[in-house]
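Read the figures in this text as sums done on the coordinates, not as results from a lab. No experiment lies behind these values; they were computed from the predicted model shown. Note that each Cβ is placed from the backbone with ideal geometry, even for glycine, and that neighbours are counted across all protein chains shown.
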Amino acid sequence: MWHIQINAQCYGKFGELFPAEKEPAELFLEGFVACLLLEFFEVVLMEDVTITFAPTPDVEQLQYCAISIEADGELLPLLSGIRNVESTELALESKISSAFMEIFEIVHMEQVTISASPIALPIHLIEKEQ
């Protein structure tokens, strides 16, 4: 089992996300990122999604938000054998950055890390459905 930590700073007009509605915005991002993670992991457990919006005095200015995401997952095996965690981090960072660009105008990925997690999933959650 692996722990995933993602931190990003984003700027935009927030057409998809509304700063006044923080909880729906976090739920939207939780589902959005979970779908992206499933391209790299067999099972994904979203632990925490936090969005912090910073108010801007001028409506014409881009608004700022900080995004923090924590999840746990089981890496998909590669056809060629062992998966390199470092290369997976880079691929995941690229995938999430590109996806966030569909929502925000400017995206700065601060951190994408995948580290060994002490959490063990029950065997029925790890096995792929036949």
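Where does each of I114, I106 land when they are ranked from fewest to most other beta-carbon atoms within 10 angstrom?
Ordered by Cβ neighbours within 10 Å, fewest first: I106, I114.
Grab the Cα-Cα distance for L75 and Q5, subtract it from 0.36 nm times how many residues apart they are, and report the gain in nm with one decimal.
23.8 nm
What nm distance separates the two modelled labels at L62 and Q111, each placed 7 Å from Cα along Cα→Cβ?
According to this spin-label approximation, the distance is 2.3 nm.
Check L75: other-chain or 5+ apart residues with amide H under 5 Å from its amide H, H built from backbone geometry?
For L75, whose amide H was placed from the backbone, the distant partners under 5 Å are W2, E42.
Could you give the length gained on full extension between V85 and D48, defined as 0.36 nm per residue of separation minus the Cα-Cα distance, in nm?
Fully extending the segment from V85 to D48 adds 11.2 nm.
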